[in-house]
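Notes to accompany the following structure.
The values are calculated or read from the model by the stated rules, or taken from the named source; none is laboratory data. What you are looking at is a predicted structure, and each value in this text was computed from that prediction instead of being measured. Cβ sites come from the backbone with ideal geometry, for glycine too, and all protein chains shown count toward neighbours. Quick note on the areas: whole protein, heavy atoms, side chains included, nothing else; ligands and nucleic acids left out. Shrake-Rupley method; radii C 1.70, N 1.55, O 1.52, S 1.80 Å.
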Amino acid sequence: MNDYFEGETFSSFDPKVSRAEFVECRFHGVDFSTVNMSHFKFLDCEFSDCNLSNISLKSTHIRSGVFKKCKLIGLNWVEASNASGCSYTECVLDYSVFQGMSLKGAVFKECRMTEADFYEAVLIKADFSDSHLKGAVFNRANLSEADFRGAKEYFIDVRETTVKKAKFSVPEALSLLTSLDIVID
């Protein structure tokens with residue numbers, strides 16, 4: 001039997017809870033790092049100052065999740081049965097995997113995303129503004145109309161990645177020329 005919670009606020013979480021469904025719930029300062037979140041459902045929930053690092057998202061359903069100032073290190077979002085409509089503000093998403101996912105309009109504002117993997121992801125109109133993207137992989141992704149203004153340390157191979165109408169700031173935009181193997185003086 002699944003536990004069902006609606007409109008509740010949580011500041012701690014019982015790791016024994018399994019197969020639960022949360023609708024319009026708020027989680028503040030919760031450490032989920034010891035929780036097996038497989039088969040959980042989170043619909044229109046908000047997470048602030050939470051630690052979800054290294055958890056399993058296998059068969060987890062997250063729709064329209066809002067993450068603020070959360071640690072989401074090492075998550076394989078591909079394993080989730082659904083992770084649509086989420087937004088991340090001031091979060092740490094280092095070593096997270098989003099390979100091949102459709103993330104149209106996703107928001108990753110002011111996030112740190114060291115070595116995050118967006119290989120072949122659809123990121124049309126995604127917002128990466130003011131984020132740190134050192135070592136992030138965007139090969140063969142669709143970044144049409146994505147916003148990278150204020151973003152730092154990214155490398156995007158414009159020969160393999162769609163960047164039509166994407167927005168970039170100078171001087172970081174000069175890194176787009178790196179993949180062309182040219183010399184600029």
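Taking K and R as +1 and D and E as -1, what net charge do the other residues with C-beta under 12 Å from the C-beta of Glu46 add up to?
Spelling it out: positives minus negatives among the neighbours equals -1.
Report, to the nearest whole %, how much of the accessible area of the chain belongs to carbon and sulfur atoms, 1.4 Å probe, protein only.
Ligands and nucleic acids excluded, carbon and sulfur give 46 percent.
Among residues other than Gln99 whose Cβ falls under 12 Å from its Cβ, what is the net charge (Lys/Arg +1, Asp/Glu -1)?
Net charge around Gln99: -2.
How much solvent-accessible surface does Leu43 expose, in Å² to the nearest 10, with a 1.4 Å probe and all protein chains in place?
Accessible surface of Leu43 is approximately 20 Å².
Let's test the formula: R0 of 45 Å, r as the Cβ-Cβ distance of Glu172 and Val78. What FRET efficiency results, to the nearest 0.05?
E between Glu172 and Val78, to the nearest 0.05, is 0.95.
What number in nm² do you get for the stretch 61-166 if you take the convex hull of its Cα atoms and divide its surface by four?
Over all viewing directions, the stretch 61-166 projects a mean Cα-hull area of 5.3 nm².
Output wanted: per-residue J couplings in Hz (rounded whole) for the stretch 120-136, from phi through Karplus 6.51 cos²θ - 1.76 cosθ + 1.60, θ = phi - 60°, x for Gly and Pro.
Using θ = phi - 60°, the values come out as 6, 7, 9, 10, 4, 6, 6, 10, 10, 4, 6, 9, 9, 10, 4, x, 5 Hz.
For the chain, report the accessible area per residue in Å² (1.4 Å probe, heavy atoms, rounded to an integer).
Value for the chain: 51 Å² per residue.
Tell me the GluC sites (Glu not before Pro) within the stretch 7-78 that lie in a loop according to DSSP and have at most 16 other beta-carbon atoms within 10 Å.
Filter output for the stretch 7-78: Glu8, Glu24.
Specify which labelled value, from [x] 1.15; [y] 0.97; [z] 1.08, agrees with Cα Rg over 2.2 N^0.38 Å derived from the coordinates of the model shown.
After the calculation, the listed value that fits is [z].
What trypsin sites (Lys or Arg not before Pro) does the stretch 12-55 have in DSSP loop regions with at most 15 other beta carbons within 10 Å?
When the trypsin sites (Lys or Arg not before Pro) of the stretch 12-55 are filtered for loop state and at most 15 Cβ neighbours within 10 Å, Lys16, Arg19 remain.
Considering only Cα-Cα distances, which of the following residue pairs are longer than 28 Å: Lys71/Lys165; Lys16/Lys104; Lys104/Lys134; Lys69/Lys134; Lys104/Lys152; Lys58/Lys164?
Among Lys71/Lys165; Lys16/Lys104; Lys104/Lys134; Lys69/Lys134; Lys104/Lys152; Lys58/Lys164, the Cα-Cα distance tops 28 Å for Lys71/Lys165; Lys16/Lys104; Lys58/Lys164.
Take Met101, Met113 and sort them by solvent-accessible surface of the protein heavy atoms, 1.4 Å probe, largest at the top.
Highest to lowest solvent-accessible surface, that is Met101, Met113.
How much accessible surface does Tyr4 have with a 1.4 Å probe, in Å² rounded to 10?
Its accessible surface works out to 130 Å², give or take rounding.
Based on the Cβ-Cβ distance of Glu115 and Tyr4, what FRET efficiency does E = 1/(1 + (r/R0)^6) give at R0 = 45 Å, to the nearest 0.05?
It comes to 0.75.
Rounded if a/c is under 1.5, else prolate if a/b beats b/c, else oblate: with a ≥ b ≥ c from the C-alpha gyration tensor eigenvalues square-rooted, which is the stretch 8-51?
oblate
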